[in-house]
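> Pasting in a structure now, in structure tokens, and then I'll have a few things to ask.
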Amino acid sequence: MNQFNRLKSLVLLAYACLTGTVHAQERKAPAYPLITHNTYFSIWSNTDQLNNSTTTHWTGAEHSLLGLINVDGKIYRFLGKEQTNYKTIMSASDEASYNVSYTENKPEGDWTSLKYSTAGWKLGQAPIGDDEKNVKTLWKSDDIWVRRTFNLSSIASINELFLKLNHDDNVEVFLNGTRIYEKKGWTSSFQYFPINKNALKAGQNVIAIHLVNTAGGRFLDFGLVDKLKDNATQILLAEQKNVEVNATQTVYNFNAGKVNLQLTFTSPLLLNDLSLLSRPVSYITYKVNANDGKNHAVKVFLGASSDIAVYQPSQAVSAQKYATAKLSVLKTGSVEQPVLQKGGDDMRIDWGYFYVAAPKTAGAVQFITKGSEAANAFKKGAVLSTASKGRSLSLNTIIPFGTVGKNAVERFVELGYDERFSVQYFNTDLRPWWNNSGKATIEDELTDAFNEYQSVVQKCNAFDKEVYADALRSGGAAYAHLCVLAYRQSIAAHTLVKSPAGETLWLSKENNSGGFINTVDVTYPSAPLYLLYNPELMQGMLNGIFHFSETGKYPHPWAAHDLGTYPKANGQTYGEPMPVEESGNMIILCAAIAKVEGNADYAKKHWQTLTTWVDYLAKEGLDPKSQLCTDDFAGHLARNANLSVKAIVAIACYAQMAGTLGETETAKKYRAIAEGMVPEWIKMADAGDHYALTFDNKDTWSQKYNLAWDKVLGLHLFPQKVYDTETRYYLTKINKFGIPLDSRKSYTKNDWIVWTATFAPQKDQFEELIRPLYVHALETPSRVPLNDFYDSKTGIRENFKARSVVGGFYMKILADKLKAE
């Protein structure tokens, strides 16, 4: 463990002892970032022990990285899990087409039994669902009943029987009339569920399924498989000693028998270097030394799945091995290459190509196998490619370390992804930033990453220390830990491209909450991170929305909600506007850019549009009519006091920018409007010991997180009494995992809690509000990339994961920075 990580551990241990959370210290995160570049190239570990689970994409689909180390002939696994070998008993559609009998009318009688007659049922080909591009039989009703018969000559030879199932939504599965599986919810890929093989019989069998759609899509595909015995040499588990998560790196330490292994995942997402930020290359670094003072023969294996380059594992891929002047390279991608054709929320890329590159100087050996054969190949010493086309292939790299003694030996490999095209922007396909010219190559990017390895890692180490020190100084150890967890996650929910007009576009995907692109009320909570480290990216989050309005494509006197559904930014696809919400967001963020940059040049370019929006807020913002705000999961709300705060603050922000631009009379006019609204707001919201959720119900309350900007931007609108009163009241509402969003339910949003805590008058009040968020990160049952929307009592995820909004955790650092200037 390096000195910086040792210091972090000591700080957190001291904090844990003081707060009574020491028992939870084995966990550092709900999920651990490994490879994080954008919403497509995003690989995580969802267990505290890296070798306890298969690594996944943020959506939960398996994106397997397998790491093995051979020490004197003994093999240890330190990363991921070997792919299980299955033999097909009854094929799903990824292997062979099949027909089912189905009905959308509730059947009478014992429809799950083998002897049941399906007279009157329809015959259809699987898979079944509502996406015409990906199914063979359309299903658009609420319920469907499905039967499929098959024959078996014998069941004695079956080792372990598994149901292979991909379903959306709620499912009941019966085998020969016996219920063998049921679940409320859905999957996004095939999952394997053990079942008792005694439910089978020689001869004819039947699987019967009832599927219920409750929301969203519909889908069904299924089969039966036999889990085969592994008769090969047993793979041992390396002992994980610790893990540290930093801003740009995740570092694991293992004992593998008689050697120590330090494994570092580095995604060099340095926001002040757009060339490096956009380079789609991460490093995996291995550092090995003996722990017994003797010499040992060591080699390390990495198996990277071709599933990283497809939407579903059932898609066919091709793979190849080649070399450049300095690198040995493996490449894989889908055969189909449907560029920018798939869009939506639960989505993985299936165009472009995934790469694994190793320096030739390391003497690496690379080869391609089926995923199920990768671990055995390493165990047996095989190094020849046995596949170039198929499904779920493994890109295998063996790095020989030779003889390793007490002095550490370091090697690294690179993982990269060339999307070819990243997004579509008003019907123009845009290449990634690093290849905006169309003349760059991924090989050049991989080679640059190789040549700059030492300097890049040094920059990352220095930046990691800077981020942690800034956060620790602003908010203490728990707050610093949250900021570190948020860093890569927020960035990797964006893509960086250049518009046809040459403008920077830093476009978010609304992960796990609709899949929209460049959503303004996702930009708003994410903003503090980018305002701190590169306001050009903050502009890149607003440019597309201004373009949408200023070209007349969005002809309304308020700001749009989004630009479309990722990856197509061709115009808003969200069902309705959020006029006060989005207009207020855009104005506030322009003022924040002006404050950070020390000038209002960016606002000046869009002054006419900003004026249209502020006039709408002056008219409609003080006492908003029934409309949605960013917390749209809570539904429509009229007379929303927190939304009113946003409008008032935004009007004052406009006045502040006008003053910076020398528009004195304009500044006076709008400042007077904002100041005049404040006493009216206080009168309408005052509920004695707090301020209400809505102006018409004093028995309610809510977090007024929009007040944070009044403090951060030095607007001096609301009297200190408002902050004192609200903070004292919030402290009476703290649950184990945070204060609720408002009085309606116990759910909360951790990004808003950080904003609310930022305006707390006292340091101890800030820390008291933040502490439950730290506990949530360590104890939530929801093992997904940091979730921002959960039940404040149970810690269980309501929805949302891997979203960019956790960039809002940096609000306290931003406030302190601007206060010091």
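> Would you work out if the stretch 174-215 is rounded, prolate or oblate? Take a ≥ b ≥ c from the square roots of the eigenvalues of the alpha-carbon gyration tensor; rounded if a/c is under 1.5, else prolate when a/b is larger than b/c, oblate otherwise. Spell out each step's value before the answer.
Details: a/c = 2.65, a/b = 1.87, b/c = 1.42.
Cα axes put the stretch 174-215 in the prolate bin.
> Can you work out the Karplus-derived ³J(HN,Hα) for every residue in the stretch 84-98? Use 6.51 cos²θ - 1.76 cosθ + 1.60 with θ = phi - 60°, whole Hz, and x for glycine or proline.
Couplings: 6, 8, 10, 10, 6, 9, 9, 6, 8, 6, 6, 10, 7, 6, 8 Hz.
> Now, a different point. What is the ratio of the Cα radius of gyration of the stretch 301-427 to 2.2 N^0.38 Å, with N the residue count, to two decimals? Show your work: numbers first, answer last.
Numbers: Rg = 16.3 Å, N = 127, 2.2 N^0.38 = 13.9 Å.
Working it through for the stretch 301-427, the quotient is 1.17.
> Counting only heavy atoms of the protein chains, get the accessible area per residue of the stretch 691-743 (1.4 Å probe) and round it to a whole Å² value. Don't skip to the end; give the middle numbers.
On the way: 1810 Å² over 53 residues.
Heavy-atom SASA per residue in the stretch 691-743 reads 34 Å².
> Next up: Peptides 808-816, 213-221, 537-545: what's the order by average Cβ count within 10 Å, highest mean first?
Numbers: 808-816: 25.9, 213-221: 17.6, 537-545: 23.9.
Listed from highest to lowest mean packing, they are 808-816, 537-545, 213-221.
> If you take every residue apart from residue 54 with its C-beta less than 11 Å away from the C-beta of residue 54, what net charge results, scoring Lys and Arg +1 and Asp and Glu -1? Write out the running numbers ahead of the final one.
On the way: positive: 81; negative: 62, 82, 307.
Taking every Cβ under 11 Å from that of residue 54, the sum is -2.
> Once you've got the Cα coordinates, tell me which of 133/568; 625/683; 164/745; 227/370 are over 28 Å apart.
With Cα atoms farther than 28 Å apart: 164/745.
> Filter the trypsin sites (Lys or Arg not before Pro) in the stretch 343-429 to those in DSSP coil with at most 13 other Cβ atoms within 10 Å of their Cβ, and list the result. Let's see the in-between values first.
On the way: sites: 348, 360, 370, 379, 380, 389, 391, 406, 411, 420; in loops: 348, 391, 406, 420.
Those that pass, being in a loop and sparsely packed, are 406.
> Dipole of the chain (Lys/Arg Cβ +1, Asp/Glu Cβ -1, origin at the Cα centre): which of 228, 799, 442 lies farthest to the positive side?
Among 228, 799, 442, the one farthest towards the positive end of the dipole of the chain is 228.
> A follow-up question, please. Report ³J(HN,Hα) in whole Hz for each residue of the stretch 428-438, in order, from the Karplus equation J = 6.51 cos²θ - 1.76 cosθ + 1.60 where θ = phi - 60°; Gly and Pro get x.
My calculation for the stretch 428-438 gives 10, 6, 10, 6, x, 3, 5, 10, 4, 6, x Hz in order.
> Distance from the Cα centre of the stretch 75-91 to that of the stretch 405-430, in angstrom?
So the separation of the two Cα centres works out to 26 Å.
> Largest first, what is the accessible-area ranking of 108, 82 with a 1.4 Å probe?
Accessible-area ranking of 108, 82, largest first: 108, 82.
> Suppose accessible area is computed on protein heavy atoms with a 1.4 Å probe; arrange 459, 183, 668 from highest to lowest.
668, 459, 183
> Follow-up. Residue 550 versus residue 159, label points 7 Å from Cα toward the beta carbon: distance in nm?
Result: 6.4 nm between the two label points.
> Separate question: Once you order the gyration tensor axes a ≥ b ≥ c over the Cα atoms, which shape class does the stretch 548-653 get: rounded for a/c under 1.5, otherwise prolate or oblate by comparing a/b with b/c? Working shown, then result.
Details: a/c = 1.71, a/b = 1.10, b/c = 1.55.
In terms of gyration-tensor shape, oblate.
> Now for a different question. What's the angle, to the nearest 10 degrees (0 to 90), between helix 664-685's Cα axis and the longest principal axis of the chain?
Computed tilt is about 80 degrees.
> Can you give the convex hull volume of the alpha carbon atoms of the stretch 596-644 per residue, in Å³? Walk me through the intermediate numbers first.
Details: hull volume 5.4 nm³, N = 49.
Normalising the Cα hull of the stretch 596-644 by residue number yields 111 Å³.
> Enter the angle in degrees (range 0 to 90, nearest 10) between the Cα long axis of helix 607-620 and the first principal axis of the Cα atoms of the chain, meaning the one along which they spread out most.
80 degrees
> Also, quick follow-up: Rounded, prolate or oblate for the stretch 178-254? Axes are the square roots of the Cα gyration tensor eigenvalues, ordered a ≥ b ≥ c, and the cut-off for rounded is a/c under 1.5. Don't skip to the end; give the middle numbers.
On the way: a/c = 3.84, a/b = 1.51, b/c = 2.54.
Oblate is the answer for the stretch 178-254, as a/c is 1.5 or above yet b/c matches or exceeds a/b.
> Express in whole angstrom the spacing between the alpha-carbon centres of the stretch 737-807 and the stretch 290-325.
37 Å
> When all protein chains stay in place, what accessible area (Å², nearest 10, 1.4 Å probe) is found for residue 623?
That residue has around 60 Å² of solvent-accessible surface.
> Helix 535-550 sits at what angle to the longest principal axis of the chain, using alpha carbons and giving 0 to 90 degrees rounded to 10?
80 degrees
> For the stretch 336-462, give the magnitude of the charge dipole about the Cα centre (Cβ charges: +1 Lys/Arg, -1 Asp/Glu; no others), in debye to the nearest 20.
Working: 14 positive and 15 negative charges, 120 e Å.
Value, rounded to 20: 580 debye.
> Using only the heavy atoms of the protein chains and a 1.4 Å probe, how would 576, 132 rank by accessible area, largest first? Don't skip to the answer; put the middle values down first.
Working: 576 65, 132 130 Å².
Greatest to least solvent exposure: 132, 576.
> Report, by chain and number, residues whose modeled amide H sits under 5 Å from the one on residue 786, excluding near sequence neighbours (fewer than 5 apart, same chain).
Counting only residues 5 or more places away or on other chains, the set is 31, 802.
> Oh, and also: Between beta-carbons, use under 14 Å as the cut-off and find the net charge around residue 716, counting Lys and Arg +1, Asp and Glu -1. Don't skip to the end; give the middle numbers.
Numbers: positive: 595, 671, 711, 721, 819; negative: 675, 710.
My count for the surroundings of residue 716 gives +3.
> Please list, in order along the stretch 455-460, the HN-Hα scalar couplings obtained from phi with the Karplus expression 6.51 cos²θ - 1.76 cosθ + 1.60 (θ = phi - 60°), rounded to whole Hz, x for Gly and Pro.
Calculated HN-Hα couplings, in order: 5, 5, 5, 4, 4, 5 Hz.
> Moving to a separate point now. To the nearest 20 debye, what charge dipole does the chain have about its Cα centre, counting +1 at the Cβ of each Lys and Arg and -1 at the Cβ of each Asp and Glu?
On the way: 86 positive and 84 negative charges, 462 e Å.
The calculation lands at about 2220 debye.
> Hey, if you put +1 on the Cβ of every Lys and Arg and -1 on every Asp and Glu Cβ in the stretch 629-697, which of 677, 666, 695 ends up farthest toward the positive end of that dipole?
666
> Net charge near residue 262, counting Lys/Arg +1 and Asp/Glu -1 over other residues with Cβ under 10 Å of its Cβ? It would help to have the intermediate numbers written out before the result.
On the way: positive: 241, 287; negative: 410.
Residues near residue 262 contribute +1 overall.
> Set the Förster distance to 56 Å, then compute FRET efficiency between residue 601 and residue 84 from the Cβ-Cβ distance, nearest 0.05.
Details: r = 58 Å, r/R0 = 1.04.
Result of the calculation: an efficiency of 0.45.
> On to the next question. Can you match Cα extents along the principal axes in Å to one of these, (i) 107, 93, 54; (ii) 86, 74, 55; (iii) 121, 53, 51, based on a calculation from the structure here?
(ii)
> Show me, bin by bin at 10 Å from 0, the whole-percent P(r) of the stretch 393-488 based on Cα pairs.
11, 23, 29, 28, 8, 1
The values are calculated or read from the model by the stated rules, or taken from the named source; none is laboratory data. If you're wondering where the values come from, they're calculated on a predicted model, not measured in any experiment. Methodologically, a virtual Cβ is constructed for each residue, glycine included, from the backbone with ideal geometry; neighbour enumeration extends over all protein chains shown. Heads up: the accessible areas ignore ligands, DNA and RNA and are worked out on the full protein's heavy atoms, side chains in. Shrake-Rupley method; radii C 1.70, N 1.55, O 1.52, S 1.80 Å.
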